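Peer 1: This is the structure I have questions about; it appears just below.
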Amino acid sequence: MPLDISAIKLDPAMLDLPWEVPLEEWPEKHLAALPRGISRHVVRFVRFQGAVIAVKEISEPLARREFQTLRNLRRLDLPTVEPLAVVSGRTDADGEPLDACLVTRHLKFSLPYRAVFSQRMRPDTARRTLDALAVLLVRLHLAGCFWGDVSLSNTLFRRDAGDFAAYLVDAETAELHPQLSPGQREHDLFVAHGNIAGELMDLEAAGALEGEDPIEIANRIMHRYDLLWNELTGEERFERGDRWRVDERMRRLNNLGFDVDELEMTTDIDGAYIRIQPKVVDAGHASRRLMRLTGLDVEENQSRRLLNDLDAYRAATDRQEDDEELVAHDWLSRVYEPVTRTVPRELRTKLEPAELFHEILEHRWYLSERVRHDVDLVDAVQDYVATVLPKKPDEMSILGVDTEEIPIRARLSE
């Protein structure tokens, strides 16, 4: 039986790989020393044309099915590895048939969960890495993808420029449907909980999960999934004057520990729908993004608040398709700077500009919530300046106080 290579774009150099040799026995000269996850099949990372590919030995029907599933998932812009080819018709030197191979592109900067947890990480970093799995599962379910074998072993984690993301790497059992039934989702969650708990118990036995309860971690991932699923699938209608409610939705996601990476609003004859795409990010992500877009160098929480307003401005002005930097420039010149300049000069030393803007946005949100409709930003500034800002201490003066001269008056309780 002749060798058959089915590829999206065939590179002739792929024919030079030793397909007549069982994958487990491939020569070292072809292999790349990269960490591999646990797999029920033989998997090897292979140097190929200056890059790295992943080759998995598997039966031909499963290889072709997984190849097509991965292609479909990528068409839906879901985070999965990229399929390159299926190689079938393999025989060894004695003419005995060998299993087919599925070839995918290695995902740069990605690691299997065992490699991630073999490093020393702060508890918060480890927690947010696992949160990425909850985000991945929600995204797949929203797109109608039934995974069938949810586990840490079938996931790659990627940390790149501060972002955390989880990628589906094994789609043997995955199925795409127009919409998942509650039963399909529940099955995925049941399998996920058992697999994750078992995999974390293995890490615990190996001493790589100190001070953490595997069952509690698995419970937490399921809880985070439920919170995020309910937040994203709870449909709301917004009138054009209900921007404060958009802000409220974003606040809830922030309180869940998710930064909002995309905000999309569409309108119809009855009002507007909102769709929010969350992203798990590392510390400093918001301040770096704000600096890149606007040049403002402020603290992380301030940056997150300002970016939320920028994203809401982008949606409210229907400029999702415009260049992000152009929208950020307009927001800076039309919203941020006019607000900070509106405050009387004698009160500007009360707070630094970014904190002042943040507090005005908070004040506007509370006013809007009270009256149940959007309050104009100009009115919010005027009310804040008249009722709140004068009562605040002069921050610039406080920063100039030598704390060593402040007497300590606290007493130990008896």
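The values are calculated or read from the model by the stated rules, or taken from the named source; none is laboratory data. Computed from a predicted structure; not experimentally measured. Methodologically, a virtual Cβ is constructed for each residue, glycine included, from the backbone with ideal geometry; neighbour enumeration extends over all protein chains shown. Side chains included, ligands, DNA and RNA excluded: accessible areas come from the protein's heavy atoms. Shrake-Rupley method; radii C 1.70, N 1.55, O 1.52, S 1.80 Å.
Peer 1: Once ligands and nucleic acids are excluded and a 1.4 Å probe is used, how much of Asp213 is accessible, expressed in Å² to the nearest 10?
Peer 2: Rounded to the nearest 10, that gives 70 Å².
Peer 1: Right, something else. If you stretched the chain out fully between Arg71 and Leu256, how much longer would it get, using 0.36 nm times the residue separation minus the C-alpha to C-alpha distance? Write down the numbers at each step before the final one.
Peer 2: Values: separation 185, 0.36 × 185 = 66.60 nm, distance 3.19 nm.
This chain segment gains 63.4 nm when fully extended.
Peer 1: Given Cβ point charges of +1 (Lys, Arg) and -1 (Asp, Glu) and nothing else, what value in debye, to the nearest 20, does the dipole of the stretch 126-234 about its Cα centre take? Walk me through the numbers on the way to the answer.
Peer 2: Values: 8 positive and 18 negative charges, 80 e Å.
In total the dipole reaches around 380 debye.
Peer 1: Could you compute how much accessible surface Arg252 exposes when probed at 1.4 Å, giving the result in Å² to the nearest 10?
Peer 2: About 80 Å², rounded to the nearest 10.
Peer 1: Next up: Mind checking which lysines have their Cα closer than 22 Å to the Cα of Lys56? Skip sequence neighbours fewer than 8 apart in that chain.
Peer 2: Lys9, Lys29, Lys108
Peer 1: A further question follows. Which of rounded, prolate or oblate describes the stretch 301-372 when judged by the alpha-carbon gyration tensor and an a/c cut-off of 1.5?
Peer 2: Numbers: a/c = 2.11, a/b = 1.37, b/c = 1.54.
Since a/c reaches 1.5 but b/c is at least a/b, the shape of the stretch 301-372 is classed as oblate.
Peer 1: What length, rounded to one decimal in nm, is gained on full extension from Thr349 through to Asp149, with 0.36 nm per residue of separation minus their alpha-carbon distance? Show your work: numbers first, answer last.
Peer 2: On the way: separation 200, 0.36 × 200 = 72.00 nm, distance 5.75 nm.
The span from Thr349 to Asp149 would gain 66.2 nm if fully extended.
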